[in-house]
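Notes follow the structure.
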Amino acid sequence: MPDSSTRFSRRRLALLVPALTAGLVMSACSAPGSDQPSSTGSDGPVSTELGTGPISLELYAETGFPLVKALADEFTKQHPNVKFNIREDQFTVITENAPRVLASDNAPDIIRLPTMVDLVKDDLLKNLDPYVAAYGWDKFPASQLVQLRLADGGGVRGSGSLYGLGLGYSVTGVFYNKTLATQVGMAKPPTTIAEFEELLAKAKSAKVQPIMQFNKNTAGINFPHQALQNQFGDPARVSDWIFQKPGATFDTPAALKATQTIQRWAQAGYFPTDANALDYASMVGEFQKGNGLFMFNGDWESGNLDKNMAGNVGFFLFPGEAAGGKHVAMSAPNTFGVGARAKNPDAAAFFLNWAHTDPKAREISVKVGGSHPGGPSDLPLPSVAEGTVLSETLKASQQLGAENGAVDFTANATGGIFAAAITPEMQKLVAGQQTPEGYVKAVQAEYEKELSR
Amino acid sequence: MTSAVGSTSAGAPTRAGGEDRQPPVRPYRKRWGRTAGWLGWLWVLPALSMYGFFVLRPLLTTMQYSLYNWNGIGRAEWVGLDNYLTVVTDSDLLKIISNAFILIVFFSFAPVCLGLLVASLVRRLSAGPFGTVVRTVLFLPQVIPLVAAGIAWTWLLSTDGLVNQILRAVGLGGVTRAWLGEFDTALPSVGVIGTWVMLGLCTILLVTGMSKIDPALYEAARIDGAGPVREFFAVTLPSLRQEIGVCLTVTIIAALASFDIVYISTSGGPGIQTTVPGLEIYRLAFSQRQVGLASALAVVLMVLVLVCVLPIQRLTREEKA
C-alpha cells in the first residue's frame, strides 16, 4: 500500500511539475495588471447642473465619522432626486481597498482618499480642473487646496491639477485638561516650546501624566514629533518632503532636533510608559478619564470632547521657539476625490461644491465634523457656542489659515512610510532602541526606497 | 476504484470458464472499467474544481506575482528572482521570519509538553462528569475566535490589567510592565497567548489518544515495577506518536502562519519585534502595495511550512508491522 501511494504521488508530481511550469511560462507571457482602466483625464465638457432625473451617488467613506452621512442626508433633503449609496470602512481598510475599488466596474463616485499619488499615477482618480473653472474653486484660499494638487502623471504633490476637495479642513494642536492645568499652575496656554516643556516638568513632579499619547499600531507620537519639527526649521522643507519634491530629505537638523526632543521627553517619562501598547481609542479614553494633562490630536475630536469633558478641556496651537511667531501646524483636508470610472462625476462635483458653499452644509461641517468647512474666504463661518473646545479649534483653524501655516502630515508622504518606517522606528525610539540619528536616517531610507519603485 | 475493477476481472474467468462460447466479457469489462474511471472523476470534479479554483489557481498566481515588481494595479515589471533575493537578504524580513520560528516554541512545543502533562493528569478523570467539564474548559480556547482571545489578552496584559494587578497583589510590583508594549516581553507575551490557545487542542487530542492505549500495557508495566514516570515514558509516550505528530503539525503551521493573535494584540510592534511573515505579507501587499515581494514572502513561507512539517509527518508515521 505505501508503495502504490508513493507511485501515485510520483505520478501526481509528474503531472504537477509540467502544470506548474506551464503556469509560470504563461505568467511570464502575460504580466499582471496589464488591463488598465481607461483614464477619463481632464478633457470632455462638464456640467454644473444637477438636473431633475434620479441619480444614485456611490459614496465610499470612513466609518466612525458621522459627517458624511449628515451631509448626504441634508443634500437629499434639498435635492430629492439624488440618493446616496454609502459604503463605510475603517481608514486603514480604505487605504488598502482604494486602488482595487476604484479600478472596479462599480467604482465609487465620491471616495475618501487617504493618499493620492499612487492613485493618480494609475489613472484611478478624476482630474477636477474642469470643475475648478466651472465652479470657481480657484477663489478658495490657495493654501486650502495645495495639498490636493498633483503634477502631471502623479509625481510631485503641491502644484498642478486638483484631484480632491476636503469635507472639512482639520487642524491639529494640543488639547489640555483644565482641572489638571490649574493643578500644575498653568494659567494660560504656553507661548513658547520652553514654556511648554516647563509645564511638562511641573506636571511630572506633581505626579500628573504630562502627555497622554498613543503609539501602538500607528505612531501617535508622530504628532508631537512633527509639531516640534515644524517649529525647528523652515516648514516649507517639511512640505517639500511630504510633496515628494526632488532632492527633499527628512534627514534635516530640524527633524533631528525634534527627534532628540522626543527621546528626551520619553526618557523623562512625559509619555505614558506603555505608549507603545496604547491605541488611539485608549488614548482618547484615558484623556477623557483625566489621565493626562496634554494630548496632541486634531479637531475631529472636538465634538466628542465637548460631550464627554464638557467645560474641562481646552485647545491651543503648538507654540514656536520664540513667542509671537507665526503658528505652524499639521492641518489636512478630510480629502474626498471623484473616481475616474465614476458614473456620475458631475453630480459628485456638484455635491462637493455644495458642501463648501451651502450655509446648512457648512453648519453641519462645523457642528458634526468639528472642522473648518473651507470654501471661499468671504463666506461667513457658522456660529458655535462660546466656551466650547469646538469654538477654540475653529478659531485656531482660522488663525492658521490667516498665518498660512498649514503643513500636511509627514505620515502622508508616501503610501507606506507610516506603516513601514515611522511607526516601527518611533516605537523603537521611545523605547530607547533607536537613536535620533538612526531614526531620521531610517525614515529617509524607506522614503527613498518607496520613491525608487 | 482500482481494487473494484480488479475484483471484477478476478471474478470474470470463473463465470466464463465453464461455458463454451465467445467471451464478450473482456471488451465489456474494459469499456465498463473505463467508464467507471471517468465516472469516478466526475464525482470528484466538483471538489476538484473548487480546489483548483480556490487553492491551486491562487497558488499559481502567487508564484507568478512573485516574479514581478507590481503595485497591484499598474503595469507590472518582470524582475525574475529579485523579490526572493530581497526576502533572503533583507535584515528586517529575516528577523520577521525568525520571529515565527521563536513562536514555534510557544505555539508548538509548550502546548504539546504541557498537553502531555495535563492529559496524563486528567486521563483518569475522563470518564466521569468531572472529566467532561475539564475537557470542555480545556477546549474552550479553541471555540473562542482568535480575535476575541487577542483582545481579552490585550486587556489582561495591559499595565493596569489583571496580570499586573495580581503581580502587585503578591508583592511583585517591581516586575509589572506593559507586557505587549515592551521590546523584551512583547514576543514572549504573544507566545503565551498562543500557548493558551493551542493547549486545549493538544490536550484533547492527547487525552483521546491515551484512551485508546490498551490497559494491559500499563498493567504489564506495573507488574514489571514501573512507576508513573517510567509508565509515561515506556507506554504512554510511544503510543501517542501519531497524536503528537498531529499536534506538532497543526501547531507548527499555526505558529508559522500566525496572523490574528499578533495583529490584534501588538500589530507587529513594538518596532518589528512581533511582526510575523503572515502579517508582513498582508502589509506588503495591501498597505505598501508591493504585491510581488509579498507573494515571494508567501511562497517562501509555504516552503518553510513544508520543510518543517514534512519531516514530522515522516517521523511520526505509524510503523507497519
Is there a residue in segment A:388-399 that is within 14 Å of another protein chain (Cβ to nearest Cβ), open to solvent by 20 Å² or more (accessible area, probe 1.4 Å) and assigned to a helix (DSSP H, G or I)?
no
Regarding B:Val299, is this residue closer than 27 Å to B:Leu138 by Cα, of a type in the set (Val, Ile, Thr) and either assigned to a helix (DSSP H, G or I) or within 14 Å of chain A (Cβ to nearest Cβ) (or both)?
no
Please state which one of A:Phe336, A:Phe350 is among the aromatic types (Phe, Trp, Tyr) and open to solvent by 10 Å² or more (accessible area, probe 1.4 Å).
A:Phe350
When the residues of segment A:92-116 are filtered to those that are under 16 Å from the mean Cα position of the chain (by Cα), part of a loop (DSSP other than H, G, I, E, B) and surrounded by fewer than 21 Cβ atoms within 10 Å (Cβ to Cβ), which remaining residue is modelled with the lowest pLDDT?
A:Pro114
Would you check if there is a residue in segment A:65-81 being touching a Ser or Thr at 6+ places or on another chain (Cβ under 7 Å), at pLDDT below 60 and either part of a loop (DSSP other than H, G, I, E, B) or at positive phi (or both)?
no
Please find, among A:Gly369, A:Gly415, the residue that is over 30 Å from B:Asp90 (Cα atoms), at pLDDT below 90 and buried (at least 19 other Cβ atoms within 10 Å of the Cβ).
A:Gly369
Wholly enclosed helices (runs of 4 or more DSSP H) of segment A:120-235 bearing at least 3 residues of a type outside the set (S, T, N, Q), outside the structural domain of A:Asp358 (by the TED database) and in contact (Cβ under 8 Å) with a residue 24 or more places away in the chain:
A:178-183, A:193-205, A:222-232
Could you identify the single residue in A:Leu119, A:Leu150, A:Leu128, A:Leu162 that is open to solvent by less than 20 Å² (accessible area, probe 1.4 Å), within 14 Å of chain B (Cβ to nearest Cβ) and over 15 Å from the mean Cα position of the chain (by Cα)?
A:Leu119
When you scan segment B:139-247 for helices (runs of 4 or more DSSP H) that lie fully inside it, which ones turn up with 1 or more residues that are open to solvent by less than 60 Å² (accessible area, probe 1.4 Å) and either within 14 Å of another protein chain (Cβ to nearest Cβ) or in contact with an Asp or Glu (Cβ under 9 Å, 6 or more places away or on another chain) (or both)?
B:146-156, B:162-169, B:186-211, B:215-223
Outside any helix (DSSP H, G or I), farther than 17 Å from A:Gln213 by Cα and open to solvent by 20 Å² or more (accessible area, probe 1.4 Å): is that true of A:Gln244 in this structure?
yes
Among the residues of segment A:366-387, write down those that are assigned to a loop (DSSP other than H, G, I, E, B) and either under 15 Å from A:Leu305 (Cβ atoms) or of a type in the set (Lys, Arg) (or both).
A:Val368, A:Gly369, A:Gly370, A:Ser371, A:Val384, A:Ala385, A:Gly387
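The values are calculated or read from the model by the stated rules, or taken from the named source; none is laboratory data. Remember, predicted model here, so these are calculated numbers, not experimental data. Methodologically, a virtual Cβ is constructed for each residue, glycine included, from the backbone with ideal geometry; neighbour enumeration extends over all protein chains shown. Accessible surface is based on the protein model in full, side chains and every heavy atom, while ligands, DNA and RNA are left aside. Shrake-Rupley method; radii C 1.70, N 1.55, O 1.52, S 1.80 Å.
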